[in-house]
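Laboratory data are not the source of any read-out in this text; all were calculated from the coordinates shown. Please read these numbers as outputs of a predicted model, since none were measured by experiment. Reconstructed Cβ throughout: ideal geometry from the backbone, glycine too, with neighbour counts over all protein chains shown.
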Amino acid sequence: MDTLEYAPGRAVDVHPGGTRGHVLVWHGRGPNQRPALVTLGALVAEHGLTVVVPDWSSEERDGGRSELLASLRFTRDLMERDGADPDALTLVGWSLGGAAAVGVTFATDRLGVGVAHVVGLGNGGYRGDEPISGGPIPAEVPRDVDRPPFTLLHGVADDIAPVAGARAFAQQLEQQDWPVELVELPTDHWGIVGTTYDAATDVCSPADDDATRRVVQDVADRIAAAALSRASR
């Protein structure tokens, strides 16, 4: 793993797994939580994929929008240097980062980018303001953009973003002919990305228990399958 800067003073971990595909992973609301996703990034990279995991902060005045979009530009530039189509990106987001991934997907025409597949981790049904538009995710999906598939991976024990919200979001997409798959996993909001949460320090750290490791391996395999399905077309 290489730790670089995607913008001055802003760190990004690049797991150089190979050129079979590229995956950008955004962490959740807590600022600069990139280190918590080291395990997930490494497991996805084992499938021959290059994985990019940046820091960003929702506490910025714009809610993190400029940092998220800068990390997206960084990843697209990396893909071009690797000889890949930057619109073949698999975009993954956890929690608020997943809401931001939805925001990008619903605005690809305005942003001038493409996304091949979106994977949401513990973010289904998010109804607060997402960082890209600065407003809530609309109930009516846009009709004038490409419709990359969504894969929603959600813990049934998630008490931060209850799974009922993910079911409702999946149904919303299905009713509007947007391809979506919802997979419910035996974990909580933190375990879906292979972490544990310390409320005293407000910090997530990679988990070391067997149950969470099994879940994060499953999540990594599903992310890789999404990325590789695009590469096989």
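Would you please give the residues with an amide H less than 5 Å from that of Glu181, counting only those at least 5 places away or on a separate chain, with H modeled from the backbone geometry?
The answer is Phe150, Thr151, Leu152.
Please arrange Ile160, Ile192 by counting, for each residue, the other beta carbons lying within 10 Å of its beta carbon, fewest first.
Sorted ascending by nearby Cβ count, the order is Ile160, Ile192.
Amide H to amide H under 5 Å from Thr187: which residues, 5+ apart in sequence or cross-chain, H placed 1.01 Å off N in plane?
Sorted by chain and number, the residues that satisfy this are Val156, Ala157.
HN-Hα J couplings of the range 76-83 from phi, Karplus 6.51/-1.76/1.60, θ = phi - 60°, integer Hz, Gly and Pro as x?
Computed from phi, the couplings for the range 76-83 are 5, 5, 4, 4, 5, 5, 7, x Hz.
Once you've got the GNM for the chain with C-alpha springs shorter than 10 Å, pick whichever of Asp13, Asp177, Asp218 has the biggest mean-square fluctuation.
Checking each option, the largest mean-square fluctuation is seen for Asp177.
Which of Gly135, Gly122, Gly114 ends up with the largest GNM mean-square fluctuation for the chain, with Cα atoms connected below 10 Å?
Taking springs between Cα atoms under 10 Å, the residue moving most is Gly135.
Of the listed values [x] 20.5; [y] 18.5; [z] 17.2, grab the one calculated as Kirkwood radius over Cα pairs in Å from the structure here.
[z]
Please label the shape of the range 9-101 as rounded, prolate or oblate, based on the square roots a ≥ b ≥ c of the eigenvalues of the alpha-carbon gyration tensor (a/c under 1.5 means rounded; beyond that, a/b larger than b/c means prolate, else oblate).
prolate
So what is the calculated 222 nm ellipticity per residue for the chain, using -39500 (n - 2.57) for each DSSP H run with n of 4 or more, over all residues, to the nearest 500 deg cm²/dmol?
-10000 deg cm²/dmol
Quick one: order Tyr197, Tyr6 by neighbouring beta-carbon count within 10 Å, fewest to most. Display every interim value, and only then the final one.
On the way: Tyr197 17, Tyr6 21.
Ranking Tyr197, Tyr6 by Cβ neighbours within 10 Å, fewest first, gives Tyr197, Tyr6.
Under the rule that an exposed site lies in a DSSP loop and has at most 11 other Cβ atoms within 10 Å, name the longest stretch of the chain with no GluC sites (Glu not before Pro) of that kind, not counting the sites themselves.
Formally, the longest exposed-site-free interval is 141-233.
Name the residues whose placed amide hydrogens come within less than 5 Å of the amide hydrogen of Ile137, ignoring near sequence neighbours (fewer than 5 apart) on the same chain.
HN-HN under 5 Å from Ile137: Glu130.
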